[in-house]
Amino acid sequence: MEFIINIDNYKPLVQKDNCFVVDTEFIKKKSLETCQKIIIKDIKDKDLLLYILKVDLPKTRIEIRDCVFNTISIEKSTIDEVVLNTVEVSESKDGKFAPFKTFIDSSKFKYLWFYYCKLHNGMIVRKESEIESLSINNTIIDRSFTFINSKCKTIIVESSNVSEVIIERIDYPKENGRTEVDTINIFRSEGLKNIRVWEVTFKNLHIHKVILNKTERLTDHNNEIYIKTPHKYRDVEEIEISESTISSKTIIIFDDTKHLKFFDSSLSELILNYWHIDSLLFSNCRFSDSTYFGRSNQIKTINKSLVENCTFDDTFDMSSIRFKEEAFFRGLVFKKYPSFFYHNTIEENCKTDFQYSNLQNLVFQKIDFRFFSFKEFDITNVEFRECRWLSERKCFISRNLIFDDNNDITEIDELVKVKDIYSKLRMNAEKSSDFLNLGKFYISEQETKRKIHREKKDRIEFLLMSFHKVISSYGENFKKPLFLALCSIILFALLFIFTGFYVGDELVKYRLFSFQCSNISSTLRDFGYSLIYSLKNILPFQVSLNFYLHSDKSLPLSQTLELMHKIINLILATCFTAAFIKYLRK
């Protein structure tokens, strides 16, 4: 059974104040308690106010189509379905403040749908209304669609021209108001100036093919997307912006979400403030203004992140984040220097990938690279500041290691890749005047080279590099050649005292195991002469044989040892000079 109200029969129902009221009395009078459908159609009266007040029709569908009203208000009613099709409410009043003309107050619906409507001066749902599905399709709302202190499972704004979408909680008319929406979908909508979802407990929010233009009018001071969940609310499933053009600021504040997705979109300034994201996806996006991934003074966590094929025209700041499982940054372009990847932690089992990214304007500062793989990372023009590296100190050699380098690598191609990584890290440290890490990466580069020669069975190169490692840690430790030179003076002094040398006309020569305690003073004196004899060989120029010892006599075996000693000292002096110059630069 259906009941129809149209242009032919509505006038007797209009009250003196030009109000058409559908209330409990009207329902009883017309015996509509069990009516399945009430249709209001073809009524076009710009001065008529339609009120649906305190009706209880849980199994009734109300259709309003092809009508024009001054105001539509539904208050304190329970209705199964309310459908407005091709309905115009009020008149457009550009530049003038006007109150809402479409009201939904303290009511319960299974469905509330708007099709091809013109709702001038906005529409508001408030006062603890409960709706299962609210849909606005192909509708013009020249002010705002406002949803306050009410509950709804699904809100859809699709293919519509809406000035503002405001879904929020307020403390009026009573404190601790609550707005609950499971899913918010804003699709294919133009003319938007503001999307505000504030203190709303929602699970899914999708913005798809939306154009939100930036305006300079003072009346449009809230020209932005502002999304904020209540404090400690952790049930957000997904926030997604796709195929949209957002020319104004986008601010998203939440504690926890499973999915945060931006793809195929152009955005201006983006500010994120959060504690935890399970999965982060940025794909094929362009950011024309600053991009901030949370406050730098709060530690955040992201389990899986994929940022790919994105361009950041202005400041990029990703800071104080713990990446747990995946951190993929592929095909990125950073156009402004400096852009910061700051104070982030990449955990031990986290997979990383910076493949195909242009990182020349990106600064890695205070990053823990101990568990970071550089194999797919072009670090040619990257800048590192105050970063933490995996380090090793063995046999008086201190060096930086990368996660890709381990003793199990035996393939030459893999070792060459590791060597190239060390080489690029060394060059980056040199550009930044970071001489401490420069030396440590240089040692690791040379150590990898030595392994390559070992695997290629280049014995001469391997032995030469091993010798260089022993005497000066590849030219990075000036103390080693200095110590070895001192040891060589003492060692050769001991040899000279047994091979023999002259002090004046007196030959000083001892036999092995011929030491006598009664001759200790003369033995010490002779050993002192031997030290002086050995010390002459450290000088880089020729000294007369009768210098100090006053003798021009020498023995063949001692002369041979002198030559060997001078060659060793020359090598040690060269290594010491090179290493000491590097040390002074540091």
Residue hits (the range 19-33; touching a Leu at 6+ places or on another chain (Cβ under 9 Å) and either of a type in the set (Gly, Ala, Ser) or open to solvent by less than 50 Å² (accessible area, probe 1.4 Å) (or both)) are CYS19, PHE20, VAL21, VAL22, ASP23, PHE26, ILE27, LEU32
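For the range 412-436, name all the residues that are open to solvent by 80 Å² or more (accessible area, probe 1.4 Å) and either touching a Ser or Thr at 6+ places or on another chain (Cβ under 9 Å) or touching a residue at least 12 places away in the same chain (Cβ under 8 Å) (or both). Even if it seems obvious, please write down each step before you answer.
Going residue by residue through the range 412-436, those that are open to solvent by 80 Å² or more (accessible area, probe 1.4 Å) are 413, 417, 427, 430-431, 436.
Within the range 412-436, LYS417, MET427, LYS431, LEU436 qualify.
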SER106 vs. criteria among the small types (Gly, Ala, Ser), in the same structural domain as ILE52 (by the TED database) and closer than 28 Å to GLU237 by Cβ: no
Give LEU57, LEU84, LEU50 a once-over and let me know the one that is over 21 Å from ASN9 (Cα atoms) and assigned to a strand (DSSP E or B). LEU57
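Return a yes/no flag: does the range 350-361 have any residue that is among the hydrophobic types (A, V, I, L, M, F, W, C), open to solvent by less than 80 Å² (accessible area, probe 1.4 Å), in contact with a Phe, Trp or Tyr (Cβ under 6 Å, 6 or more places away or on another chain) and more than 18 Å from LYS324 (Cα to Cα). Before you say what the answer is, go through the steps one by one.
Here is the first cut: in the range 350-361, the ones among the hydrophobic types (A, V, I, L, M, F, W, C) are 350, 354, 359.
After this cut, where a residue has to be open to solvent by less than 80 Å² (accessible area, probe 1.4 Å) as well, the list is 350, 354, 359.
Okay, now just the ones that are also in contact with a Phe, Trp or Tyr (Cβ under 6 Å, 6 or more places away or on another chain), so 350, 354.
If we keep only those that are more than 18 Å from LYS324 (Cα to Cα) as well, we get none.
No, the range 350-361 contains no residue that is among the hydrophobic types (A, V, I, L, M, F, W, C), open to solvent by less than 80 Å² (accessible area, probe 1.4 Å), in contact with a Phe, Trp or Tyr (Cβ under 6 Å, 6 or more places away or on another chain) and more than 18 Å from LYS324 (Cα to Cα).
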Between PHE371, PHE384, which is in contact (Cβ under 8 Å) with a residue 24 or more places away in the chain, under 25 Å from SER279 (Cβ atoms) and of a type in the set (Phe, Trp, Tyr)? PHE371
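Do any strands (runs of 3 or more DSSP E) lying entirely in the range 154-244 carry at least 2 residues that are within 21 Å of THR139 (Cα to Cα) and either among the aliphatic types (A, V, I, L, M) or not assigned by the TED database to the domain that holds SER106 (or both), and which ones are they? Quick ask: steps written out before the conclusion?
Details: elements: 161-168, 179-187, 194-198, 200-208, 224-228, 236-242.
By residue number, 161-168, 179-187, 194-198, 200-208.
Name the one entry in SER144, SER135, SER90 that is in contact (Cβ under 8 Å) with a residue 24 or more places away in the chain, of a type in the set (Gly, Ala, Ser) and over 25 Å from ASN204 (Cα atoms).
Residue meeting the stated conditions: SER90.
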Among the residues of the range 100-153, which ones are within 17 Å of ASN85 (Cβ to Cβ), part of a strand (DSSP E or B) and of a type in the set (S, T, N, Q)? THR102, SER133, SER135, ASN137
Out of SER339, SER248, SER266, sole residue that is open to solvent by 10 Å² or more (accessible area, probe 1.4 Å) and of a type in the set (Gly, Ala, Ser): SER266
Residues of the range 292-307 satisfying the condition of being more than 16 Å from HIS259 (Cα to Cα) and either modelled with pLDDT of 95 or more or open to solvent by 50 Å² or more (accessible area, probe 1.4 Å) (or both): TYR292, ARG295, SER296, ASN297, ILE299
All positions within the range 387-408 that are under 20 Å from GLU348 (Cα atoms) and without any contact (Cβ under 8 Å) to a residue 12 or more places away in the chain: GLU392, ASN406, ASN407, ASP408
Quick one: count up the residues across the range 155-175 that are more than 17 Å from PHE202 (Cα to Cα) and open to solvent by 30 Å² or more (accessible area, probe 1.4 Å). 9
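Quick one: which strands (runs of 3 or more DSSP E) lie wholly within the range 348-456 and hold at least 2 residues that are out of contact with any helix residue (DSSP H, G or I) (no Cβ under 6 Å at 6 or more places or on another chain) and under 26 Å from ASN303 (Cβ atoms)?
Working: elements: 351-353, 362-365, 383-385, 390-394, 397-401.
It comes to 351-353, 362-365.
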Tell me the residue from LYS451, LYS469, LYS424 that is under 22 Å from ASP378 (Cα atoms), charged (D, E, K, R) and within 41 Å of the chain's Cα centre (by Cα), please. LYS424
Matching residues in the range 505-555 (in a helix (DSSP H, G or I), farther than 21 Å from LEU570 by Cα and modelled with pLDDT of 70 or more) number 11
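What residue, among those in the range 34-46 that are assigned to a loop (DSSP other than H, G, I, E, B) and open to solvent by 100 Å² or more (accessible area, probe 1.4 Å), is nearest to LEU13 (Cα to Cα)? Explain how you work it out, then say what you get.
Here is the first cut: in the range 34-46, the ones assigned to a loop (DSSP other than H, G, I, E, B) are 34-36, 42-43, 45-46.
The next check asks that each one be open to solvent by 100 Å² or more (accessible area, probe 1.4 Å); those that pass are 34, 36, 46.
On the way: THR34: 20, GLN36: 21, LYS46: 16 Å.
The residue in question is LYS46.
The rows are residues; the columns are (1) assigned by the TED database to the domain that holds ILE443; (2) surrounded by fewer than 13 Cβ atoms within 10 Å (Cβ to Cβ).
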{"position": "LEU464", "(1), (2)": "yes, no"}
{"position": "LEU484", "(1), (2)": "no, no"}
{"position": "SER488", "(1), (2)": "no, no"}
{"position": "ALA493", "(1), (2)": "no, no"}
{"position": "PHE496", "(1), (2)": "no, no"}
{"position": "PHE501", "(1), (2)": "no, no"}
{"position": "LYS509", "(1), (2)": "no, no"}
{"position": "SER522", "(1), (2)": "no, yes"}
{"position": "ASP526", "(1), (2)": "no, no"}
With the requirement that a residue be more than 12 Å from the chain's Cα centre (by Cα) and under 9 Å from ASN361 (Cβ atoms), what does the range 334-350 give you? PHE334, LYS335, LYS336, TYR337, PRO338
Of the conditions (1) in contact (Cβ under 8 Å) with a residue 24 or more places away in the chain; (2) farther than 29 Å from ARG385 by Cβ; (3) basic (Lys, Arg), LYS457 clears all except one; give me its number. (1)
Hits in the range 466-482 - residues which are closer than 24 Å to LEU563 by Cβ, open to solvent by less than 80 Å² (accessible area, probe 1.4 Å) and not hydroxyl-bearing (Ser, Thr, Tyr): HIS468, ILE471, LYS480, PRO481
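The values are calculated or read from the model by the stated rules, or taken from the named source; none is laboratory data. Here the structure is a predicted model, which is why all the values come from computation and not from measurement. Neighbour counts are summed over all protein chains in view; Cβ atoms, including those assigned to glycine, are modelled from backbone coordinates with ideal geometry. Surface areas here come from the heavy atoms of the whole protein model, side chains and all, with no ligands, DNA or RNA. Shrake-Rupley method; radii C 1.70, N 1.55, O 1.52, S 1.80 Å.
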